[in-house]
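Undergrad: Below you will find the structure I want to go over with you.
All of the numbers you see were taken from the coordinates with simple rules; none came from a lab. In this text, all values refer to a predicted model and were calculated from it rather than measured experimentally. Cβ: placed from backbone, ideal geometry, glycine included. Neighbour counts: every protein chain shown.
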Protein chains: 2
Amino acid sequence: MSLELTPVQAVACCSPLSREPLSEEAAEQASVVLKALGDPVRLRLMSLVASHEGGEACVCDLNDAFELSQPTISHHLKVLHEVGLLDREKRGVWVYYRARAEVLQNLASLIGGQAA
Amino acid sequence: MSLELTPVQAVACCSPLSREPLSEEAAEQASVVLKALGDPVRLRLMSLVASHEGGEACVCDLNDAFELSQPTISHHLKVLHEVGLLDREKRGVWVYYRARAEVLQNLASLIGGQAA
DNA sequence: TGTAGATATTTACATGTGTCTATGTCTCTT
DNA sequence: AAGAGACATAGACACATGTAAATATCTACA
């Protein structure tokens, strides 16, 4: 168990962008999460999972939504998972990804929030 | 005057991520704005400008905040300007960038918003 | 046990990106 | 008009990234 903050933990730590200048460290971490969402395929994947019933979706559902190879979708899901935007759970043969709503909330607060 | 939507206009058009799947077009446009924020230097620049008094800052102030060359800062400001996150105004010898707060708000709503 | 199906990993490659140096443009001042 | 300062642009280069084909791993079931 490392003492390092994961990117998503760091996102939750700060005042909104517009309130005070982001520290170098906070910017470094938050930008990792934003970069993960800064790809059209990953943004749609995130939206597909988050808007799916129960906030989770099977990879089998996701592959069909794109005209991309299965390894490519797998790669994008891995990126979203690694920055903490998606949780991953294997159930039998299938793998389910679940959107971490609180992470999206924290990110939204960082970008547009009024509060401290 | 083109009929194409700029990225920031497109960001304001949609339900939140988690409400319904983002359309391919909406994702394409929103991801451009998110990608612009997905760099630590640009994120800090955006924060510096947005949190500066009056919501605007002179390039001369911004250059000193980084250990990067002046052209590099200029390049990042251009990226933020091109996606519509920063307005640009020349006053005499100086150039002022102004944060577009409503764009940040719309983006925050897209990511974490509860409303339609 | 062996075969089929779902997902991940590896490898490779073309393209994109962040940075710098050098140079250009514009504006004020002398 | 000529020089100086603020900012932008152009060009170059190392490195990151999105994608696909081939392959591996894991699980269920016959």
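Undergrad: Where Rh denotes the Kirkwood radius from the mean inverse Cα pair distance, what is Rg over Rh for chain A?
TA: Details: Rg = 15.1 Å, Rh = 14.9 Å.
Reported Rg/Rh, Kirkwood definition of Rh: 1.01.
Undergrad: Just from the alpha-carbon atoms, what are the Rg and Dmax of the range A:74-114 in angstroms?
TA: Rg, Dmax (Cα atoms, Å): 12.6, 44.
Undergrad: Here's a follow-up. Where the centroid of each part is defined by its Cα atoms, how far is the range A:45-116 from the range B:15-70 in Å?
TA: 22
Undergrad: How many nanometers, to one decimal and shortest first, lie between the label point of B:Trp94 and those of its other copies, if labels sit 7 Å from Cα toward Cβ?
TA: 6.0
Undergrad: Of the cross-linked pairs A:Lys35/B:Lys90; A:Lys90/B:Lys35; A:Lys35/B:Lys78, which ones have a Cα-Cα span greater than 20 Å in the structure shown? Intermediate results must be reported in sequence, preceding the final value.
TA: Working: A:Lys35/B:Lys90 30 Å; A:Lys90/B:Lys35 30 Å; A:Lys35/B:Lys78 18 Å.
With Cα atoms farther than 20 Å apart: A:Lys35/B:Lys90; A:Lys90/B:Lys35.
Undergrad: Grab the other residues whose beta carbon is less than 15 angstrom from that of B:Glu24, score K and R as +1, D and E as -1, and report the net.
TA: Details: positive: A:Arg42, A:Arg44; negative: A:Asp39, A:Asp64, A:Glu67, B:Glu20, B:Glu25, B:Glu28.
Residues near B:Glu24 contribute -4 overall.
Undergrad: If you don't mind, there's one more thing I want to ask. If you rank B:Arg91, A:Arg98 by fewest surrounding Cβ atoms within 10 Å, what's the result?
TA: Details: B:Arg91 8, A:Arg98 16.
Fewest-to-most Cβ neighbours within 10 Å comes out as B:Arg91, A:Arg98.
Undergrad: Between B:Ser74 and A:Ser69, how many nm apart are label points set 7 Å from Cα along the C-beta direction?
TA: 4.2
Undergrad: Sticking with this structure for a sec: Put a dot 7 Å past each Cα toward the Cβ at B:Glu28 and A:Ser23; how far apart are the dots in nm?
TA: 4.1
Undergrad: Relative to the longest principal axis of the C-alpha atoms of chain A, give the angle of the C-alpha long axis of helix A:24-37, reported between 0 and 90° and rounded to the nearest 10°.
TA: 30
Undergrad: What is the average number of partner chain Cβ atoms found within 10 Å of a Cβ in A:100-108? Intermediate values should be presented prior to the final figure.
TA: Working: counts 0, 3, 1, 2, 8, 6, 2, 5, 12.
Mean shielding by partner chains, rounded to a whole number: 4.
Undergrad: Relative contact order (percent) for the range A:22-111, with alpha-carbon contacts under 8 angstrom and 6 or more residues of separation? Present the calculation step by step, with values, prior to reporting the outcome.
TA: Numbers: 80 pairs, mean separation 26.4, N = 90.
Once normalised by length, the contact order is 29 percent.
Undergrad: Could you work out the helix-only [θ] at 222 nm for chain A, with each DSSP H run of four or more residues adding -39,500 (n - 2.57) and the total divided by the number of residues, to the nearest 500 deg cm²/dmol?
TA: So the calculated ellipticity at 222 nm is -15500 deg cm²/dmol.
Undergrad: Another one. If neighbour count is taken as other Cβ atoms inside 10 Å, put A:Asp39, B:Asp61, A:Asp64 in order from fewest to most. Show your work: numbers first, answer last.
TA: Values: A:Asp39 19, B:Asp61 15, A:Asp64 8.
Ranking A:Asp39, B:Asp61, A:Asp64 by Cβ neighbours within 10 Å, fewest first, gives A:Asp64, B:Asp61, A:Asp39.
Undergrad: Sort B:70-83, B:100-113 for me by packing, meaning the mean count of neighbouring Cβ atoms within 10 Å per residue, highest on top. Kindly include the intermediate steps, with their values, before the conclusion.
TA: Numbers: B:70-83: 16.1, B:100-113: 21.6.
Top to bottom by mean Cβ count within 10 Å: B:100-113, B:70-83.
Undergrad: Quick one: putting +1 on the C-beta of Lys and Arg, -1 on the C-beta of Asp and Glu, what dipole do you get for the range B:27-111 around its Cα centre, in Debye to the nearest 20?
TA: Numbers: 9 positive and 11 negative charges, 29 e Å.
Dipole magnitude for the range B:27-111 comes out near 140 debye.
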